[in-house]
Amino acid sequence: MNAQGWSTQGGVHKVAKMKNAAISRAVVVLVFLGAVAAGSLGVWRYGTDQAMGQLAARGQADLALASDRLVGQLQRYRDLAVLMAGHPQVDEMLRRDPQPADIALLQEVADKSAALDVQVLDRDGKLRAAANWALASRTEVDFISKPYIRRALQGALGWGHGPRNAQTPRVFFHASPIFDDAAQVNGVLVVSTDLNGIDYSWRGANPAVFFTDPQGVVQISNRSELVFWRRPPGEPGLQPAQGKAPPFSSSMEGTLEIWQLGWGPYLPREALHLTQALPVIGMTGEVLLDVAPARRLAASQAAAVAALCLAFGALLFLATERRRTLARANAQLEERVASRTAALAEINTALHHEAAVREEAQAALRRAQDELVQASKLSALGQMSAGISHELNQPLMAIRSFSENAVQFLERDNPARAAENLTRISDMARRMARIIKNLRAFSRQENTPQGHVDLGAALDAAFDLTRSHIEEAGVTLQYDPAPGPIWVRGGEVRLSQVFVNLITNAVDAMATSEIKVLRVQVSQGKMLTVNFQDTGPGVEMPDKIFDPFYTTKTDGETGGMGLGLSISYGIVQSFGGQIKGTNCEGGGALFSVTLERELEQEDAA
């Protein structure tokens, strides 16, 4: 075989080898792209699950906040019904024909409380008086057939909502029994609430929240177009009371229910549907959360991972190609020394460029991680909204109470006491500003201490809130404050709420006692204990005092639902503490609140 033949054969082998190398590289590239696609899909799936989980947690918090708001607004009228049922003039209405003074009293109560109507019924269900007497006397209503009326006639609190009527299409009723001197039900006092006034201030707020009755009818919503929509029996979704049902479908993603909606521009096209039972008002709270932002976030994360992997693969491929070029250049070292030197210089420059690109990619990755951490913290603020609302609620109630007292003192020409109440309002405002400051500091990543409460300040606040009640009851308060701050773990507002409840219960328990003394003592040790000892009759059943709805206050102005000590028990437990109630050997009751000490805060002080 001549030289030309060897050359031709060598060229064929070289071409075949280059073809095989190209096929191998193509296979590697395809496998890499498949791996990137699979990894991006996994990141998208994981990101979607995480985002939907965070959306569900935030939605539960929003739904709980809206539910607490609704229940709180309705329970004001329940408390009004209980309070008015014990009014002496109400008892007289059951024994005589309606008098102008009776109608005026009920009208005044309805006007001041924004109630739709206040009605008094006898034990036979006959209407005896009403705030809206002109309309009620002309309307024949079979009250005795209403479940809430029958429940009230049995001695319990009744509640329910009504259908459309002459006054308003949506009404919620609270019925309280009226007891005579022999503790027998003598009649019923009914407070009617216009639900249009309840949800009017919610209109347009995000997210979309609605409340359905046991029949699946929407009674309350911050989207007015959903009111009176009805859930089909045994099916998800809602349908309007009249007209054609708009497009709707439902699917499940794991344990989450997703609704596809075509209900108008003010509702999301794809929404996460969450529910919460509200047995205290006989309704179910439901919320619709737009899932589009969560899906976009998951898609962005998957795209970022895919881009990063592709960039890394491209760099790796370029590095491999450069090495292959270098190997070929080494094989031709003797023939092309000058060309090899130039190629090496070019390769070196390319490697420096690749290193710079890698450093930029790493810096971009670090910046993205920092932004994700901040975004996570901002997302947590939404979950904290229910707790922040609770922390601000009690100072707002105190401001309202002090402002009303200030108005009364001004009407009595007592400016000094009015100024004192205004000063307390200023203190409460500064207290609310301190809470808001902590929230703002969290959003700016400031390291503001959380959970440290001055026990003495919490007790002083509780004494301020209950001082008038203590003085009116003729109770002597014995308390020696500590010379300096005592730091414990807890929340200032909720801890003050526990102390106010214990002080009020002790004062009410000593109503019939000859000696009325309340001793408050702080015992310091590894754990801090606050003791509240009264000179009342003691506790009948100490093992049941913290059970919900257990109470010894069955009538009178101090009558209650038996939830105060149960709520206090839960608050102290959330602080990692304990609350106990026992009887003293010499008479009276002793309640002890044990809290965790914050030693680091005391050292810093």
Rounded to the nearest 5, the percent of DSSP beta bridges in region 151-245 running antiparallel is 100 percent
Quick calc, residue 514 & residue 250: beta-carbon distance into FRET formula, R0 60 Å, rounding 0.05, result 0.35
Given 37 °C, 0.692 mPa s and a Kirkwood radius over Cα pairs, the Stokes-Einstein diffusion coefficient of region 62-212 in µm²/s is 206 µm²/s
Here region 405-414 yields Karplus 3J(HN,Hα) values (6.51, -1.76, 1.60; θ = phi - 60°; whole Hz; Gly and Pro given as x) of 5, 4, 4, 5, 5, 5, 5, 8, 6, 10
Residue-normalised value, i.e. accessible area per residue, for region 203-361 at 1.4 Å probe, in Å², stands at 58 Å²
Under the 7 Å Cα-to-Cβ spin-label approximation, residue 157 and residue 404 lie apart by a distance in nanometres of 1.7 nm
Going residue by residue through region 472-483, the Karplus relation 6.51 cos²θ - 1.76 cosθ + 1.60 with θ = phi - 60° gives ³J(HN,Hα) values, rounded to whole Hz and with x marking Gly or Pro, of 5, 7, x, 9, 8, 9, 10, 8, 10, x, 5, x
Given unit charges at Cβ for Lys, Arg (+) and Asp, Glu (-), the dipole magnitude of region 185-305 about its Cα centre in debye, nearest 20, is 240 debye
Which residues qualify? For residue 217, with a placed amide H closer than 5 Å and at least 5 residues away or on another chain, they are 231
If each part is reduced to its alpha-carbon centroid, region 567-584 and region 502-548 end up apart, in Å, by 12 Å
Farthest towards the positive end of the dipole of region 216-334, among 293, 246, 229 and with Cβ unit charges of +1 on Lys and Arg and -1 on Asp and Glu, lies the Cα of 293
Ordering 496-505, 91-100, 528-537 by per-residue average of other C-beta atoms within 10 angstrom, highest first, gives 496-505, 528-537, 91-100
Simple SL model, points at 7 angstrom along Cα→Cβ for residue 21 and residue 468; separation in nm is 9.4 nm
Contour minus Cα-Cα span, residue 235 to residue 183, at 0.36 nm per residue, comes to 14.0 nm
Residue 28 and residue 433 label points (each 7 Å along its Cα→Cβ direction) are spaced in nm at 6.7 nm
Note: residue 41 to residue 97 extended length (0.36 nm per residue) minus current alpha-carbon separation gives 12.4 nm
Plugging the Cβ-Cβ distance of residue 348 and residue 312 into 1/(1 + (r/R0)^6) at R0 = 25 Å yields, to the nearest 0.05, a FRET efficiency of 0.75
If each part is reduced to its alpha-carbon centroid, region 55-119 and region 261-333 end up apart, in Å, by 51 Å
P(r) over all Cα-Cα pairs of region 97-150, 5 Å bins from 0 to the longest distance, whole percent per bin, short to long, reads 4, 20, 28, 24, 17, 5
In this structure, the FRET efficiency calculated for residue 320 and residue 258 from their beta-carbon separation, with R0 = 51 Å, to the nearest 0.05, is 0.70
Subtracting the Cα-Cα distance of residue 416 and residue 580 from 0.36 nm times their residue separation yields 55.0 nm
If the label point sits 7 Å along Cα→Cβ of residue 142, residues of region 98-132 with amide N under 15 Å come out as 125-126
Diffing region 296-309: the Karplus 3J(HN,Hα) column from phi (6.51, -1.76, 1.60, θ = phi - 60°), in whole Hz with x for Gly and Pro, holds 5, 5, 5, 5, 5, 5, 5, 5, 5, 5, 5, 5, 5, 5
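The values are calculated or read from the model by the stated rules, or taken from the named source; none is laboratory data. Note that the structure is predicted; figures quoted are calculated from it, not measured. Neighbour counts are summed over all protein chains in view; Cβ atoms, including those assigned to glycine, are modelled from backbone coordinates with ideal geometry. Just the protein is used for accessible areas: all its heavy atoms, side chains included, with ligands, DNA and RNA removed. Shrake-Rupley method; radii C 1.70, N 1.55, O 1.52, S 1.80 Å.
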